[in-house]
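Here is the structure we will look at.
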Amino acid sequence: MNKPLTQRLPWMGALVALFISAGQPAFAQSTADAGRDAFGSGQGAESQAPSGAVRLRQPQASARDLLDVEESASTPVRAKATPYVPGEFEQYARTQSGITDLKRFGAELLTDPVNGRSEAQTAIPPDYTIRPGDEISLTLWGSVDADLRLNVDRTGKISIPRIGAVQVAGVRHADLADVIARRVATVFRNFQIAATLGQIKGVRVFVTGYAQRPGSLTVSGLASVLHVLVKAGGPSAAGSFRDIQLRRAGQVVAKLDLYDILIHGDRKADQIVQADDVIHISPVGPQVAVVGSVNLPAVFELKPKENLNDALRMAGGFNAVADRTRVAVERLEDRATGRVAEMRLPENGNSLLGTGDLVRAFSGISAALPKDKQRKRVKVEGEVVNPGEYILPAGSTISDAVKAAGGLTNAAYVFGTEFTRESVRQQQQDNYDKALRDLETEMAKSQASRRVSTGEEVAAQTNATAASARLIERLRLVRPTGRVVLQVAPEAKDLPNLALEDGDQLHIPSQSTSVGVFGSVFNAGSFIYVAGATTGDFLKLAGGPTRGADARSMFVVRANGSVVSARQGANFWGSGVSGFEAASLLPGDTIFVPEELNKTTFTQDAKDWTQILYQFGLGLAGIKALGI
């Protein structure tokens, strides 16, 4: 009489069961199998979630499953860097081209060390096929709640608590969720599912042929042929970049040309590897070197029928400054004779190249054009309307430069124009250095041949040597300006039609209002210019030459750079000083009075004359004694 109500009223129990089955199927299934462990471990495989959904627990892995996980999770260690060893042809090309780091095209990509897990982080492609040892990440929500990580066993199945075994080996990754959902739907309804791959079992492949590190490798199940090649260090110096085979079960299933990937980014032939695949690298084919004015100088491997245009295309084509009309081809068989073949482009672009050829592209700017065809870059400064730098056509003159600058202003002093030229400056520097070396040599000879007999003469010679050394050092600091003296009259209004060179500079000053007097005078400085005044007049304003001045060596530097000196008027009858002092000066002139270098004191002169007279007296006494 104490039986439950559902047993006393069978129809009521059936009705309740039907209601629960329609609204909460998971609850009904759980009630039917309460306390039963699907894996026989004594631990419940499900529990009641707060929302009423059945929660499936992570099953305990068997020893067999753990072995699969360990194999799946094992990844190769970081690959060691393989020192790059250039081939014999690369060494030859380096010597011929002068490029010390010339390498095979693509060598940097395949010889760098890589992380062994890099390919495992690749996005899983939809057509990836599930394999034994892979890990499935399964999430269920709705009437059933689960977050499971299940390993595919050696039979290709996964075991889901309360649901059972599901065959997944051979299923495409894109179809995995649908396959599992159909199996779950036999037990539960009103649920949603997400299934993806977690750990992927590694596969063993073999690299044969001419590889840097041939042998067996364990890589991720997502690794492609390119990943395997990178791990193997790529082809060796004797291996081909363009003939790589993927062999499976004794058959060639794919051929890979690495140039398609390196040049075009085309990975269509780069297939995912499978267990026990063989990647075979063939011997290297014909090689040529492309150097010079191309975007990527390197050593390239050619396939049959590939020509000069193909080689240039592999090198990235000509760079921006290349001469695109011709290339030089240095053939290996002509090395002994030094013969070089010139190929005109584009008419010879289809010419076939031989193994060992070196193609050299020329620069279009390395060789200078004739000066009469070069454009001129000049700088115009001073009294012009628009000072600045100008690019003038070939054959332009100084007058053209002034016109380009807008012409002269009213204040321009044409006679004082300073025109400098770089080629002249270099020539002046060379001549100045030679003259300085000659002067240093003459001073050294003079000091070495000078005889001294007293302590005073030794001290004097030491001082003279030190003074000469200081003079040489000061002269070394002097730098020529490259000024070219323009032959124009003081009252000229136009500049001469001198042809310009690249880098010329033209400075047109305003008319000066002073005359400078410097050197060995009592009051050196600049004085207001007075029309008609002479050199002597301005020397008087400066107090005249001092006692130590060398008046016979005075000179005037004109505003145009020419020089007038007192020695120009010297002759047998006079020193030329009087004529120099009577010369008229021009605005901007500078008078310089040098110091006399070979000065002696009265005491030194007296001592010298005493020595001379003493020697003369001894001579007379000797003559008298001999009775001559």
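The values are calculated or read from the model by the stated rules, or taken from the named source; none is laboratory data. Please read these numbers as outputs of a predicted model, since none were measured by experiment. Positions of Cβ are backbone-derived with ideal geometry, glycine not excepted, and every protein chain shown enters the neighbour counts. When the accessible area is computed, the model is the full protein with side chains, heavy atoms only, and any ligands, DNA or RNA have been set aside. Shrake-Rupley method; radii C 1.70, N 1.55, O 1.52, S 1.80 Å.
Scanning the stretch 193-211 for residues that are surrounded by fewer than 21 Cβ atoms within 10 Å (Cβ to Cβ) and within 35 Å of the chain's Cα centre (by Cα) turns up just one, 210. Scanning the stretch 314-353 for residues that are of a type in the set (Gly, Ala, Ser), more than 30 Å from the chain's Cα centre (by Cα) and open to solvent by 40 Å² or more (accessible area, probe 1.4 Å) yields 336, 338.
Do we have residue 360 as modelled with pLDDT under 80 and open to solvent by 50 Å² or more (accessible area, probe 1.4 Å) here?
On the way: modelled with pLDDT under 80: no; open to solvent by 50 Å² or more (accessible area, probe 1.4 Å): yes.
The answer is no for residue 360.
One residue stands out among those in the stretch 299-313 that are touching a residue at least 60 places away in the same chain (Cβ under 8 Å) and buried (at least 21 other Cβ atoms within 10 Å of the Cβ): the one that is nearest to residue 87 (Cα to Cα), which is 299.
Pick out the one residue from 400, 438 that is modelled with pLDDT under 90 and out of contact with any helix residue (DSSP H, G or I) (no Cβ under 6 Å at 6 or more places or on another chain). Unique residue meeting the criteria: 438. Taking every residue in the stretch 521-534 that is without any contact (Cβ under 8 Å) to a residue 24 or more places away in the chain and pairing it with any residue that is part of a strand (DSSP E or B) and open to solvent by 40 Å² or more (accessible area, probe 1.4 Å), at least 6 positions away or on another chain, the pairs with Cβ-Cβ distances below 6 Å are 524/518. Of all the residues in the stretch 123-149, those that are at negative phi and touching a Gly at 6+ places or on another chain (Cβ under 9 Å) number 11.
Annotation: residue 229 fulfils all but one of (1) in a helix (DSSP H, G or I); (2) farther than 30 Å from residue 282 by Cα; the unmet one is (2).
In the set (1) free of Cβ contacts under 8 Å to residues at least 60 places away in the same chain; (2) out of contact with any Leu (no Cβ under 6 Å at 6 or more places or on another chain), residue 135 fails one condition alone, (1).
So which residues in the stretch 72-130 are in a helix (DSSP H, G or I), open to solvent by 30 Å² or more (accessible area, probe 1.4 Å) and modelled with pLDDT of 85 or more? Before the answer, list the steps.
Start the filter on the stretch 72-130 by keeping residues that are in a helix (DSSP H, G or I), which leaves 72-73, 88-97, 107-111, 119-121.
Among the residues that remain, those that are also open to solvent by 30 Å² or more (accessible area, probe 1.4 Å) are: 73, 88-89, 91-92, 94-96, 108-109, 120-121.
Passing the criteria: 88, 89, 91, 92, 94, 95, 96.
Examine the stretch 376-393 for a residue that is assigned to a helix (DSSP H, G or I), open to solvent by less than 60 Å² (accessible area, probe 1.4 Å) and either modelled with pLDDT of 90 or more or on the phi > 0 side of the Ramachandran plot (or both), and state whether such a residue exists. Looking for residues that are assigned to a helix (DSSP H, G or I), open to solvent by less than 60 Å² (accessible area, probe 1.4 Å) and either modelled with pLDDT of 90 or more or on the phi > 0 side of the Ramachandran plot (or both), one finds none in the stretch 376-393, hence no. Keeping to the stretch 506-526, report how many residues are open to solvent by 40 Å² or more (accessible area, probe 1.4 Å) and among the β-branched types (Val, Ile, Thr). Residues meeting the conditions: 1. In this structure, is residue 563 open to solvent by 60 Å² or more (accessible area, probe 1.4 Å) and either in contact (Cβ under 8 Å) with a residue 24 or more places away in the chain or within 57 Å of the chain's Cα centre (by Cα) (or both)? Judged against the criteria, residue 563 is a match.
Would you check if there is a residue in the stretch 215-222 being open to solvent by less than 10 Å² (accessible area, probe 1.4 Å), assigned to a strand (DSSP E or B) and in contact with a Lys or Arg (Cβ under 7 Å, 6 or more places away or on another chain)? Among the residues of the stretch 215-222, at least one is open to solvent by less than 10 Å² (accessible area, probe 1.4 Å), assigned to a strand (DSSP E or B) and in contact with a Lys or Arg (Cβ under 7 Å, 6 or more places away or on another chain), which makes the answer yes.
When you go through 420, 409, 513 one by one, which is the residue that is β-branched (Val, Ile, Thr), in contact (Cβ under 8 Å) with a residue 12 or more places away in the chain and in contact with a strand residue (DSSP E or B) (Cβ under 6 Å, 6 or more places away or on another chain)?
Values: 409 fails: in contact with a strand residue (DSSP E or B) (Cβ under 6 Å, 6 or more places away or on another chain); 513 fails: in contact with a strand residue (DSSP E or B) (Cβ under 6 Å, 6 or more places away or on another chain).
Checking each option against the conditions leaves just 420.
Residue count for the stretch 471-522 satisfying the condition of being touching a helix residue (DSSP H, G or I) at 6+ places or on another chain (Cβ under 6 Å) and at positive phi: 2.
Can you pull out the strands (runs of 3 or more DSSP E) entirely within the stretch 235-290 that have at least 3 residues that are open to solvent by less than 60 Å² (accessible area, probe 1.4 Å) and either of a type in the set (S, T, N, Q) or over 19 Å from residue 213 (Cα atoms) (or both)? Before you say what the answer is, go through the steps one by one.
Values: elements: 239-248, 251-256, 278-283.
Filter on the stretch 235-290 gives 239-248.
Quick check: is even one residue across the stretch 406-422 over 18 Å from residue 506 (Cα atoms) and open to solvent by 40 Å² or more (accessible area, probe 1.4 Å)? The answer is no; no qualifying residue exists.
Across the stretch 424-449, which residue is farthest from the chain's Cα centre (by Cα) among those that are of a type in the set (Gly, Ala, Ser) and within 18 Å of residue 464 (Cβ to Cβ)? Here the answer is 449.
Just to verify a result, which residue in the stretch 210-226, among those that are of a type in the set (Ser, Thr, Tyr) and closer than 15 Å to residue 276 by Cβ, is modelled with the lowest pLDDT? Quick ask: steps written out before the conclusion?
Of the stretch 210-226, the ones of a type in the set (Ser, Thr, Tyr) are 210, 216, 218, 220, 224.
Subset that is closer than 15 Å to residue 276 by Cβ: 216, 218.
Values: 216: 96, 218: 93.
Within the stretch 210-226, the match that is modelled with the lowest pLDDT is 218.
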